[in-house]
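Trainee: Below: one structure in structure tokens.
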Amino acid sequence: EEEHNPFDYDIEIPPADKILDFLFLGSYDNAWDTKGKKREKKLKELQDMNIGFILVAAKECDMVFPGKFEYLKVEVFDEPNSAQKLAVEFSRCFEFIDKAKRSGKNILVHCWQGVSRSSTIVIGYLMSREGMTLTAAAKHVREKRPIVQPNSAFMKVLRELERNQNSDAS
């Protein structure tokens, strides 16, 4: 008998959403390790989107197509005690996204559902690189992907990032 997987959600998870011209936010389903024909279809979808880089913001998700894409994996769970770890990884994540931008290839940033962890990184990136406020960045991301909802601890980390940016600017 197969064990029940706590990650088996029945909700409809939308495909990857384009946040910036080169930056997509999605779920593990967008990079899922399926077998055979389905696997080839996933790979082709990613290649058709001109994805060259994948940022995995989830401890429980694998790097599915090693050798096909350049990966960065951040080992975080969607829970409050992962917030500081995620904050520490911000600069590495933002540099990886910058690298994708410079390369002319697109990047997919994903966690399990594309709701909390990956959206936190993308919102942080917009604040850091596009000079947006937290409110503007969150609004922009939510307009593109309505299901985004960073957990409260991740929101705290984003508020901290905003404070640090404001003190750097002054």
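The values are calculated or read from the model by the stated rules, or taken from the named source; none is laboratory data. This structure is a prediction, so every number in the text was calculated from the model and none was measured. Here the Cβ is made from the backbone with ideal geometry for all residues, glycine too, and neighbour counts use every protein chain on show.
Trainee: Does GLU130 fit the bill of being within 16 Å of the chain's Cα centre (by Cα), among the acidic types (Asp, Glu) and modelled with pLDDT of 95 or more?
Mentor: no
Trainee: Sticking with this structure for a sec: Restricting the first residue to region 48-64 and requiring it to be surrounded by fewer than 16 Cβ atoms within 10 Å (Cβ to Cβ), which pairs with a second residue that is part of a loop (DSSP other than H, G, I, E, B) and of a type outside the set (D, E, K, R) meet a Cβ separation below 8 Å and a spacing of at least six or different chains?
Mentor: GLU60/PHE7; GLU60/PHE77; GLU60/TRP112
Trainee: Among the listed residues LEU126, LEU161, identify the single one that is more than 15 Å from TYR28 (Cβ to Cβ), touching a Gly at 6+ places or on another chain (Cβ under 7 Å) and among the hydrophobic types (A, V, I, L, M, F, W, C).
Mentor: LEU161
Trainee: Right, something else. Could you check how many residues of region 88-114 are surrounded by 14 or more Cβ atoms within 10 Å (Cβ to Cβ), modelled with pLDDT of 95 or more and of a type in the set (Gly, Ala, Ser)?
Mentor: Residues meeting the conditions: 1.
Trainee: Follow-up. What tally of residues in region 130-163 results from selecting those that are part of a helix (DSSP H, G or I) and under 10 Å from ALA83 (Cα atoms)?
Mentor: Final tally of qualifying residues: 7.
Trainee: Would you please name the residue that is surrounded by the most Cβ atoms within 10 Å (Cβ to Cβ), looking only at residues in region 132-150 that are within 16 Å of PHE90 (Cβ to Cβ) and in contact (Cβ under 8 Å) with a residue 12 or more places away in the chain?
Mentor: Looking at the filtered set, the residue picked out is PRO150.
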